[in-house]
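Okay, structure first, notes after.
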Amino acid sequence: MTTMPALFVGHGSPMYAIQPNEYNEAWASVAKKIPRPSAILMISAHWYTRGTWLTAMQEPKTIHDFGGFPQALFDIQYPAPGSPALAQHVKGIISSQFENITLEESEWGLDHGAWSILKYMFPKADIPVIQMSIDATLTGDQHVALGRKLQILREENILIISSGNVVHNLQLIAWKSHVPTPSWALNFNDFFKTHLINNDLAPLIHWQSAGSDAQLAIPTPEHYLPALYTFGLKKESESAQVITDGIEMSSISMLSFGYGLPSTL
């Protein structure tokens, strides 16, 4: 049986959902080179909760969780089916170690941290998708441990994609083009990438100790934490492969990586 890869995708601006670019072209390329999953579990920065929630409806709605963007972005629908059975299965896997797991059957769906990626990777929207929230009450080590509990899904033909940005500071975005990328953004992105490639993940799990560059890169943790789930999904023998890299708008990292990917992407 094939072990499915585990991915972290730097999703960037919602506008990328209607603006093809080098990043979403790379996501699409990855999808063509891996086995077709029977279902997908998305872990998005845009569902930040108390406790862990799982979408458990047959037809998850497409959530447009943003404002001030063109109508074309709000018109996008990603009508993938849900999977209440998979949601119940995931709950059973993680509830042996974690409490406060809730199945969400009506209010949530797929937010843009999920569908803005999936529309490029699986444009037919014909693979069942569930989404798992990020529990704001957990420590970094606990997020990794929760990801580790989910490893078994990789052996069940489930593709797990975590979605966020390792550098994400909306207050310091440069809206004008051709603005030099600040050193703090470059430094932290390089810090993350170096430790990632070297399989030295402890400094990334405990990023709060990484100094002022980390504080600027991660003013709030919700976009960073999805990467910790991917660390937990890593098998001991695996090393990370970088899929995309770059800093956009001075303060958004487009670094994406995965474990268990084909040697040539």
- [ ] Among what's in the stretch 118-136 and is part of a helix (DSSP H, G or I) and under 20 Å from R154 (Cα atoms), pick the residue that is nearest to the chain's Cα centre (by Cα).
- [x] L118
Open item on the list: Just to be sure I understand the filter: pairs with C-beta atoms under 8 Å, separated by 6 or more residues or on different chains, first member in the stretch 58-82 and touching a residue at least 24 places away in the same chain (Cβ under 8 Å) and farther than 18 Å from E105 by Cβ, second member surrounded by 14 or more Cβ atoms within 10 Å (Cβ to Cβ) and hydroxyl-bearing (S, T, Y). Which pairs pass?
Closed with: I76/T62; Y78/T62
- [ ] Tell me the strands (runs of 3 or more DSSP E) entirely within the stretch 39-104 that contain at least 2 residues that are small (G, A, S).
- [x] 39-49
Open item on the list: Can you find a residue that is more than 24 Å from I247 (Cβ to Cβ), over 17 Å from the mean Cα position of the chain (by Cα) and not in a strand (DSSP E or B) anywhere in the stretch 4-24?
Closed with: no
Open item on the list: Which residue is surrounded by the fewest Cβ atoms within 10 Å (Cβ to Cβ), if the candidates are limited to the stretch 182-237 and must be among the small types (G, A, S) and closer than 14 Å to G164 by Cβ?
Closed with: A217
TODO: Would you tally the residues in the stretch 193-210 being part of a loop (DSSP other than H, G, I, E, B) and within 22 Å of K235 (Cα to Cα)?
DONE: 5
TODO: Sort out which residues of the stretch 88-141 are polar (S, T, N, Q) and free of Cβ contacts under 8 Å to residues at least 24 places away in the same chain, and write them in order of number.
DONE: S95, T139
Task: Identity of the residue in the stretch 68-117, over 20 Å from the mean Cα position of the chain (by Cα) and of a type in the set (D, E), that ends up farthest from Q151 (Cα to Cα) - done: D75
Open item on the list: Every residue in the stretch 249-259 that is crowded, with 20+ Cβ neighbours inside 10 Å and more than 15 Å from the chain's Cα centre (by Cα), please.
Closed with: S251
Task: Output for the stretch 138-192, where each listed residue is outside any loop (DSSP other than H, G, I, E, B) and of a type in the set (S, T, N, Q) - done: Q142, Q151, S162, S163, Q171, S183, N187, N189
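No value in this document is a laboratory result; all are computed from the given coordinates. Everything numeric here is computed off the predicted structure, so don't read it as measured data. Note that each Cβ is placed from the backbone with ideal geometry, even for glycine, and that neighbours are counted across all protein chains shown.
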